[in-house]
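The next block holds one structure in the form of structure tokens; read it before the comments.
The values are calculated or read from the model by the stated rules, or taken from the named source; none is laboratory data. Computed from a predicted structure; not experimentally measured. With ideal geometry, Cβ positions are generated from the backbone for all residues, glycine too; neighbour counts draw on all protein chains shown. Heads up: the accessible areas ignore ligands, DNA and RNA and are worked out on the full protein's heavy atoms, side chains in. Shrake-Rupley method; radii C 1.70, N 1.55, O 1.52, S 1.80 Å.
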Amino acid sequence: MEDKLKTAGQAYRKGFTCSQAVFCAYAKDMGIDETTACRMMEGFGGGFGGMRDVCGALTAATAIISFYTSDGTPGTGAKRQQTYDKVCRAAELFQKEYGGVTCREILHGESPKAFQCGMKVKDAVLIINQVLEETAAGPKRKGR
């Protein structure tokens, strides 16, 4: 976990978008080289190509959660529902922290600026970890 936070933070400080920074922290574990990962995620920064829609950090979190939850098969079965549930949980946690899931909401109508979303990158990594650790029966509770 600490390695992911460090990698994401360093990538963001280098000038990668929020989506690139979060996704690249997990790229190696997913079998994707960093350059390919950064190329894939660039367009999601700034709320989907700078349009201030869904936050790029949350979009990257969605991709990562999907990678670890989905079995990659067609259909509408239990695995897909599990993926949707985890993505919705991540969005719920993100919204609770930032008052929305879009850059427009989070930044109160302002356009994204370089280096203003470092905490969102960090929190997206923490949310990914939390959501992936939660059991199907619900969040892990202390003493459990």
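For this structure, a couple of remarks:
- Relative packing of 15-23, 74-82, 113-121, which averages over residues the other C-beta atoms within 10 Å, highest first: 15-23, 113-121, 74-82
- Label-zone membership for region 117-134, site residue 81, 7 angstrom Cα→C-beta point, backbone N under 19 Å: 134
- Apportionment of accessible area to carbon and sulfur, region 1-46, percent (1.4 Å): 48
- Residues in region 1-19 reached by a label modelled at residue 32 [backbone nitrogen below 17 Å; 7 Å Cα→Cβ]: 4-5, 7-9, 11-12, 16-19
- Rolling a 1.4 angstrom probe over the protein heavy atoms with all chains in place gives region 1-114 an accessible area of 56 Å² per residue.
- Against the chain, whose longest principal axis is taken from its Cα atoms, helix 56-69 shows a tilt of about 30°.
- Counting Lys and Arg as +1 and Asp and Glu as -1 over every other residue whose Cβ lies under 14 Å from the Cβ of residue 87, the net charge comes to +1.
- The helix-based estimate of mean residue ellipticity at 222 nm for the chain, built from -39,500 (n - 2.57) per DSSP H run of four or more residues and divided by its residue count, is -19000 deg cm²/dmol to the nearest 500.
- Area accessible to solvent at residue 84, 1.4 Å probe radius, in Å²: 120
- Taken about its Cα centre, region 1-104 carries a charge dipole of roughly 180 debye when the Cβ of each Lys and Arg holds +1 and the Cβ of each Asp and Glu holds -1.
- The calculated pair-distance distribution of the chain uses every alpha carbon pair, bins of 10 angstrom beginning at 0, and gives 12, 43, 34, 10, 0 percent.
- Förster-model FRET efficiency, 30 Å R0, residue 73 and residue 134, C-beta, rounded to 0.05: 0.85
- 17 Å Cα-Cα reach of residue 14 towards aspartates and glutamates, excluding residues that sit fewer than 8 places from it in its own chain: 3, 34, 42
- Rounded to the nearest whole Hz, the Karplus-based 3J(HN,Hα) values (6.51 cos²θ - 1.76 cosθ + 1.60, θ = phi - 60°) of region 76-92 follow the sequence 10, x, 4, 5, 5, 5, 4, 4, 4, 4, 5, 5, 5, 5, 4, 5, 4, with x at glycine and proline.
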